[in-house]
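Note sheet for the following structure.
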Amino acid sequence: MTWLMESADYLAVVLRLVLSAAILLTVMPLTIYLERKGSAFIQGRPGPNRAALFGVFRMGGLAHVLADVIKLVSKEDIIPAGVNRFYFKLAPIIVAFIPLTTFMIVPIADVIRLSDTFATPMATLQLDGGLLWFFAMTSLSVYGVVFAGWASNSKFSLLGGIRSTAQLLSYEIPMALAVVAMMLTYGTVQPNEMVRAQGELLWGFLPQWGIFLQPLGFILFITCAFAEINRVPFDLAEGEAELVAGYHTEYSGMRFGLFFMAEYMALVTSGALTVTMFLGGWQLPWLPTERLVADAGTLMPWFIGGAGLLLGAASGRLIRHYQEYTRGRWGDARDFEPLVFSALFALGFIAHGAAAGWVWGVVKAGEALPGWLPPLFAAGVQISVFTAKLLFLCWCFVWVRWTLPRFRYDQVMDLGWKSLLPLSLFNLLLTGVLMLQPWGREVLPVAPVVTLGLMWVWKRYLVPSQARVPATSRLVVGEEASA
Amino acid sequence: MSDLLARVSEHFGDRLIETLQGVDMPSLRLRPEALLDVVAWLVEDGFGFLTDLAGVDYLKFPKAQPSRFAVVYHLYDMASGRRVRVTCPVGDDLKVPSLTGRWQGADWLEREAWDQYGILFEGHPNLKRILNHHEFVGHPLRKDYPIRARQPLSENDALVDEMALRLRARGYVLPEVERDLLAGIRGSDHGVEAAPGAPSHGSRGGSPVAVAARPVGQGRLPEGADLHAELMFVNLGPSHPASHGTLRTFVALDGETIVAAVAEIGYLHRGFEKSTESQTYNACVPYTDRLNYCSAMLNNFAFCKAVEKALGLTITPRTKAIRVIIGELSRIIDHLVCIGTNLVDLGALTNFWYFFNVREKVYTIFDKLTGARLTNSYGRVGGLARDFYDGCGADILVVLTEIEAAVAEVETLVKRNRIFLERVQDICVVPAAMALSYGWTGPNLRATGVDYDLRKAEPYDGYETYDFETVTGTVGDTYDRIFVRFGEIGQSARIIRQALSRLPEGPVMVEAKGVSLPSKDDTYNNIEGLMNHFKLVFEGVKVPAGEVYDASEGANGELGFYIVSDGSGRPYRNRCRPPSFMSFAAFPDMIEGHMVADAIASLGSINIIAGELDR
């Protein structure tokens, strides 16, 4: 049996690797779907709804994601004449590789203790360096952009590459400083330890999430995250109106596909890190892992039953959808698509119900649950919580993208160096000072108040603003014009 | 004879050939050598605005003319609303003094006259083709150039000559760059050294009068610009996501700042003027659809109005009201396209759909009304193609409410958005003097603070009876150009509501034998009716010999038609004064000293429609 126990560790590593890659690679297409349907929702149009599997299953437009992959993979891969072929081919690989590696340090659930001798962390890489790995890897992503921009032998690519390089380098600094402040706050560089610390309660009722302890840090980090992943309002590297498509103008086929996927993987990774550091990671508020494991008997029926009810509701809604919308609509198999999925959801509903009933029965009979079940239950809950938070954050990224216009290059630089950098330095200083006093984290939330107060004093008395406040209306209508 | 003509002839005596009070404006014909003096005198008298400059070829004109070619200038006095036409016959050497020293707008207009007629403008800094390809042989608007002649053209214009002119004006010395560009080598690999002691240009000032003239390419360079910087040459267009239509702007970049820009147009030149010369007046209407295709019916009405002016025709009250309603609706959707795509250039994509969703609904109404969505051909000389369908007014009122909701929504998204405001305020400022010198009109001119709107200045179609205001900006930057259009959408909606509330009954076509087609009953049952129909369709509406200039307020500005008639049913010369052409002529000057992103944003804000620009 020893060889089994030894190999269990290796098996756990492989499983973790698969699991974290699977989460990233499933959330990524979901985010693409979210982006398309979300933008359509915001813009008052139906969005993608044409592609269908076997001509039947459209899955509300989700089939488009699959169709895209097939299209990108089967498209001709054009390498323009005059490019540096080595770097041209290397660039998309680097760009797609970085978010995958960065995601590895994100804990998607607490450490699972199956027995006294076997425990496995739920982040692929459990490094002592922790977040330093994140710094190291994100800094590398700039190489992909530089290589793509330079090797393409196109002026638009070059300009896009230059823009992107400057932007990535500039925003890495305030981002890193915001993260350093988080490290000071929780006294660790280990993401999982950070999340565990966020399970404690502030003033006895509020979870100590980063967003409550470090609101300024959160704003700084998420702003920089937008810049790091090249999204509106910081998408000037690709600003399609100006630079056609920026550094990946010359790419086609799956090489372009890698850039495209990398963009969304980076989005998911940034979101995951934001969730980990600021939104309590896998923490379900007021229910730490210990409680989930200890009270599994009473909690499980509720949680599983609740999930089952959600599935049941979805199943019912699909039947309504069939009745109201698709019945007899095309006169072929497509009419019954909602029913198929409704049946699948109904199966899920039944399975969950049965599981909840079984647990309830076991507990009712006063028997003990099998020892491996409570930790797995806790992990399952935590993975779901983490994914839900992550998807919500991804939606926020989508939301912002379709609401705001784009900055100009020099404005981005101004914002990064003149606003975010001083603010993040100040935030770091203040955090350090506040963490020195005896009450520790309990008084940290005063930091934003102090910051805002100082900013007000600064603007009002020390440096009376020369900054021009943009006028919101300067039009002259009618009679006044001639006056 | 008007007071003006009397004073001109008194002052210049026999240096004028003749003076004439035309149906549209006083007109004088002068000897070429007197041109500069007469123009100077007229400018002194208040005619500070060059509306249009066009060549005419009288080779096949039935009435004998002093010379084969002539250049016709239309001048306008903004203060008092007077117009005057100056005709300058061109001698055998085809030489005419250039007016580029007086109006910057004359630059491109004279290039066009050279391109189309081969008239040489002495003193023009860069007389080269503009609408036709640089390899083109001949001058297509000449009457002896066959309309169906085709020429194979292959090589792109490198634009090095113009770029060199502009860079030299800034103190860059270029032999290396010119050689490399000509050889097709990337210019970015080679630095451009500044000449020792090169003059540095200050900010674009512009004197307060409209006639302020600057040498070519005296744009703005940022303070302390590094003349030793390495330049990168980039083509923005002709196929570029932000070149609305096929426009090409060739820019020299220092980092991301544009130090010199050259614009090339003509990619959509399809010979509107030449083609219409062989069509009857009513058959010209579909050609006008393709000018500013975002507001096709405004062009229809503008052209029909010009012909009606030449005919001395008064259209029916209902026609006037319908032209106002549909014209304003077209203006609204044109502005929607302009603002929507402009915001896309700024990266705010969502607004585009808010606008295009309602625009589609307007097109549905147009579809029901005219049978076409984009190119409607709704106007006819003397009236309209057909009357409103039942319930058209109600449809329009519904869609107006939706438009106002969409505009309010977009305004909410951008009006207080700091990113948006920083991107558009004080960007690519065009002062009023510069705008007037370039011949800007319409929303672009109004954004600079000049209150010039033909609906107010020379009311037509009963615009004087509607209660509406002109909207003007104060600075002349991208922000003003966008928000003037926002304001005009509201004003147009006001006009439409008033017009719909008092839409008169009656026919939508004049009752005139030589203009309107006889009734179907008459055509089928009466030989006179049939012949009348036949003659009208095949020979067209006979317009009395003479010349007329008439302008309407298009969505982009003063859309004028200068029609020379030889008395037949087809225009002898049909010159379109395109507002986009004048706007785009100023584009290189506008963007120099700004960043690429700002250039793109301001290109959207001046709303260049290639169909109108290139004709």
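Table for the structure above
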| read-out | value |
| --- | --- |
| Listing of the range B:347-366 residues, each with accessible area lower by at least 10 Å² in the full protein assembly than in the chain alone (probe 1.4 Å) | B:GLY347, B:ALA348, B:LEU349, B:THR350, B:TRP353, B:TYR354, B:ASN357 |
| Accessible surface of the protein assembly as shown [probe 1.4 Å, protein heavy atoms]: carbon and sulfur percent | 63 |
| Stokes-Einstein diffusion coefficient of the range A:294-369, Kirkwood radius over Cα pairs, 37 °C, 0.692 mPa s, in µm²/s | 238 |
| Coordinate range along principal axes, alpha carbons of the protein assembly as shown, Å, largest first | 118, 81, 58 |
| Probe 1.4 Å, all protein chains present, accessible-area order of B:ASP161, B:ASP589, A:ASP295, B:ASP107, largest first | B:ASP161, A:ASP295, B:ASP107, B:ASP589 |
| Neighbour cut-off at most 13 other Cβ (10 Å), DSSP loop, trypsin sites (Lys or Arg not before Pro), the range B:9-92 | B:LYS60, B:LYS63 |
| Simple Cβ-charge dipole of the protein assembly as shown, Lys/Arg +1 and Asp/Glu -1, about Cα centre, in debye nearest 20 | 1620 |
| Efficiency of FRET from Cβ geometry, A:ARG474 and A:LEU11, R₀ 51 Å, rounded to 0.05 | 0.15 |
| Rounded to the nearest 10 Å², the accessible area of A:VAL18 at probe 1.4 Å | 90 |
| Most positive-pole-ward Cα, A:LEU428, A:SER270, B:VAL90, against dipole of the protein assembly as shown from beta carbon charges | A:SER270 |
| Charge dipole (debye, nearest 20) of chain B; +1 at Cβ of Lys and Arg, -1 at Cβ of Asp and Glu | 1340 |
| Shielded by partner chains, the range A:110-158 residues - at least 50 Å² of accessible area, 1.4 Å probe, vs chain alone | A:LYS155, A:PHE156 |
| Helical contribution to [θ] at 222 nm, DSSP H n ≥ 4, -39,500 (n - 2.57), averaged over chain A, rounded to 500 | -21500 deg cm²/dmol |
| Rounded to the nearest 10 Å², the accessible area of B:PHE136 at probe 1.4 Å | 30 |
| Residue order for A:PHE218, A:PHE386 - accessible surface, 1.4 angstrom probe, largest first | A:PHE218, A:PHE386 |
| Relative contact order %, chain B, counting alpha carbon pairs below 8 Å whose residues are six or more apart | 16 |
| Using a Förster distance of 35 Å, the FRET efficiency for B:ASN126-A:ALA166 (Cβ separation, nearest 0.05) | 0.45 |
| Net charge dipole size for the range B:2-122 [Lys, Arg +1 and Asp, Glu -1 on Cβ; Debye, nearest 20] | 300 |
| Overall dimensions of chain B by Cα: Rg and Dmax, Å | 24.4, 86 |
| Top positive-direction residue, dipole computed over the range B:272-577 with Cβ charges, set B:LEU346, B:TYR562, B:TYR463 | B:TYR562 |
| Cβ-derived FRET efficiency at R0 25 Å, A:TRP395 paired with A:VAL340, nearest 0.05 | 0.40 |
| Exposure of A:LYS89 as accessible area (Å², to 10), given a probe of 1.4 Å and all protein chains | 70 |
| Averaged over A:390-399, number of beta-carbon atoms from partner chains that fall within 10 Å | 0 |
| Per residue accessible area of chain A, 1.4 Å probe, in Å² | 47 |
| Helix-derived mean residue ellipticity, 222 nm - over chain B, DSSP H n ≥ 4, -39500 (n - 2.57), to 500 | -12000 deg cm²/dmol |
| Solvent-accessible surface ranking, highest first, for A:LEU420, A:LEU206, A:LEU376 at 1.4 angstrom | A:LEU376, A:LEU206, A:LEU420 |
| Packing-based ranking, highest mean first, of A:62-69, B:515-522 given that Cβ atoms within 10 Å are counted | A:62-69, B:515-522 |
| Accessible area per residue, Å², the range B:2-122 with all protein chains present, probe 1.4 Å | 36 |
| Inter-label distance, nm, simple model (7 Å from Cα along the C-beta direction), A:PHE54/B:ASN156 | 5.0 |
| Farthest positive-ward along the protein assembly as shown dipole, Cα basis, beta-carbon charges - from B:GLY449, B:GLY55, A:PRO29 | A:PRO29 |
| Inter-chain shielding of B:596-607 (mean C-beta neighbours from other protein chains, 10 Å cut-off) | 3 |
| Accessible area that becomes buried as A packs against B, both chains, 1.4 Å probe, Å², nearest 100 | 4100 |
| Solvent-accessible area lost in complex, 50 Å² minimum, residues of the range B:394-420 relative to chain alone, 1.4 Å | B:ILE419 |
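The values are calculated or read from the model by the stated rules, or taken from the named source; none is laboratory data. Being a predicted model, the structure only gives us computed values, none of them experimental. Note that we place each Cβ from the backbone using ideal geometry, even for glycine, and neighbour counts take in every protein chain shown. Ligands, DNA and RNA are stripped out before the accessible areas are found, and what is left, the full protein with its side chains, is counted by its heavy atoms. Shrake-Rupley method; radii C 1.70, N 1.55, O 1.52, S 1.80 Å.
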